[in-house]
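Take a look at the structure below.
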Amino acid sequence: YNAVDLAETNPETACQVNAFGPKLLAEFCQPRSLPLVHVSTDYVFGLDARRATPYRETDPPGPLGVYGVTKLAGEEFVRAGCARHF
């Protein structure tokens, strides 16, 4: 669910798709030893408005809106639920 503006008015839908969707995929992949590729977004960052350098995966997240929060939750579900994730 990548309708960033609509996520603010439809947080339940954004959460179902961006957070619980990846969680279900991780739960499917893990017992089957399948790799899972999860694509996130730079919207999981944003607290440092003056930043001038690109973000790295190791930088601390700081989502500002519903879209970023739900995408970050999806990342966390994938990391916690599927050992073979990218």
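The values are calculated or read from the model by the stated rules, or taken from the named source; none is laboratory data. The shown structure was predicted, so the numbers you read here are calculated from the model rather than taken from an experiment. In this analysis, Cβ positions are derived from the backbone assuming ideal geometry, glycine residues included, and neighbour counts consider all displayed protein chains. Keep in mind that these areas ignore ligands, DNA and RNA; they rest on the heavy atoms of the full protein, side chains included. Shrake-Rupley method; radii C 1.70, N 1.55, O 1.52, S 1.80 Å.
Pick out, from Leu6, Gly46, Pro61, the residue whose Cα sits farthest towards the positive end of the charge dipole of the chain, with +1 on the Cβ of Lys and Arg and -1 on the Cβ of Asp and Glu.
Pro61
Which is farthest toward the positive dipole end of the chain among Thr70, Cys82, Val17, measuring Cα position about the Cα centre, with Cβ charges +1 (Lys, Arg) and -1 (Asp, Glu)?
Comparing the listed Cα positions along the dipole, Cys82 ranks first.
To the nearest 10 degrees, how steep is helix 66-81 against the longest Cα principal axis of the chain, on a 0 to 90 scale?
30 degrees
Going 7 Å from the Cα of Ala3 along its beta-carbon direction, which residues of the stretch 43-86 have the amide nitrogen within less than 17 Å of the resulting point?
Answer for this model: 66-68, 70-71.
With all protein chains present, how much of the accessible area of the chain (probe radius 1.4 Å) comes from carbon and sulfur, to the nearest whole percent?
About 58 percent, which is the carbon plus sulfur part of the accessible surface.
Note down the Stokes-Einstein diffusion coefficient of the chain in µm²/s, whole number, using a Kirkwood radius over alpha carbon pairs, 37 °C, and 0.692 mPa s.
Answer, rounded: 246 µm²/s.
What are the residues whose amide H is under 5 Å from the amide H of His38, where those residues sit 5 or more places off or on another chain and H is modelled from the backbone?
Phe86
Sorting check: for 44-55, 73-84, 29-40, 3-14, which peptide has the highest mean count of neighbouring beta carbons within 10 Å, and how do the rest follow?
73-84, 3-14, 29-40, 44-55
With every protein chain left in place, what is the accessible area per residue of the chain in square angstrom, probe 1.4 Å?
For the chain, the per-residue accessible area is 68 Å².
Compute the length gained on full extension between Asn10 and Leu24: take 0.36 nm times their separation in residues and subtract their Cα-Cα distance, giving the result in nm to one decimal.
3.0 nm
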